[in-house]
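The structure appears below as structure tokens.
Read-outs: derived from the displayed coordinates by stated rules, not from any lab. Keep in mind that this is a model prediction, so the values were computed, not measured. Positions of Cβ are backbone-derived with ideal geometry, glycine not excepted, and every protein chain shown enters the neighbour counts.
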């Protein structure tokens, strides 16, 4: 079940050895546990100014510019 067996290259050999100790990634909340789906809040508040997010302006960036959150003035 080791996904690195049979692949060539130095890092695949290293990963093949490490995988025997670490195993696959631990994903999820655990076996037999059920997690409720995420329910977004009806009126989310800004983590910075604690005002409603509907009053804010989000200026989205692209690959070269960051995204900006503009809080309303009081």
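Within region 43-57, the set of residues being surrounded by 10 or more Cβ atoms within 10 Å (Cβ to Cβ) and not in a loop (DSSP other than H, G, I, E, B) comprises 45, 52, 53, 55.
A quick yes/no check of all residues on (1) in contact (Cβ under 8 Å) with a residue 12 or more places away in the chain; (2) more than 30 Å from residue 55 (Cα to Cα); (3) surrounded by fewer than 10 Cβ atoms within 10 Å (Cβ to Cβ):
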| position | (1), (2), (3) |
| --- | --- |
| 6 | no, yes, yes |
| 13 | no, yes, no |
| 16 | yes, yes, no |
| 21 | no, yes, yes |
| 26 | no, yes, yes |
| 29 | no, yes, yes |
| 35 | no, yes, yes |
| 38 | no, no, yes |
| 41 | no, no, yes |
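Entry remark, region 1-42: residues being in a loop (DSSP other than H, G, I, E, B) and farther than 30 Å from residue 73 by Cβ number 26 in total.
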